[in-house]
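I have placed the structure first, in the form of structure tokens, so that the comments after it can refer back to it.
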Amino acid sequence: MPIRSNETAQRAINILNVTHGMSYPELQAITGVPAGTLWDIAHGKPIPAKWRGVLGVRVYRDLFAMPVRELRWALENRERY
């Protein structure tokens, strides 16, 4: 399942870093996103547009642009878009 928001990406990076003991350079080798950017995302800064596609974050301008499945998921899980 793709990552739905900045908060989900932040949690995923923190889980890999803290729980699984992966360093930011190791995560950089896997994702291709610079280690400093991963650190920024893990500490709450927004994901730069350049890296959203790489991390699987999808941003829609309005609810009508969202596919039905994703809209349903967003409504059921109450995430902001």
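The numbers here are math on the coordinates, done by the rules we state, and not lab data. The structure displayed is predicted, hence computed values, not measured ones. Cβ atoms come from the backbone with ideal geometry, glycine included; neighbour counts cover every protein chain shown.
Please tell me the relative contact order of the stretch 6-77 in percent, rounded to the nearest whole number, where contacts are Cα pairs under 8 Å and at least six residues apart.
Details: 44 pairs, mean separation 21.0, N = 72.
With pairs under 8 Å counted, the relative contact order is 29 percent.
Only Lys, Arg, Asp and Glu count, each charged at its Cβ (+1, +1, -1, -1), so figure out the dipole size of the stretch 26-81 about its Cα centre, rounded to 20 debye.
180 debye
By counting other Cβ atoms within 10 Å of each Cβ, how are TYR60, TYR24 ranked from fewest to most?
So the residues, fewest neighbours to most, are TYR60, TYR24.
So what J values fall out for the stretch 61-70 if you push phi through Karplus, 6.51 cos²θ - 1.76 cosθ + 1.60 with θ = phi - 60°, rounded to Hz, Gly and Pro as x?
Couplings: 6, 8, 5, 6, 7, 7, x, 4, 4, 5 Hz.
Going by average Cβ density within 10 Å per residue, which order do the peptides 47-58, 65-76, 31-42 take, highest to lowest? Please list the in-between numbers first.
Numbers: 47-58: 14.7, 65-76: 12.3, 31-42: 16.8.
Descending mean neighbour count gives 31-42, 47-58, 65-76.
Report the gain in length on full extension from GLU7 to ARG52: 0.36 nm times residue separation, minus Cα-Cα distance, nm rounded to one decimal.
Stretched out fully, the GLU7 to ARG52 stretch lengthens by 14.9 nm.
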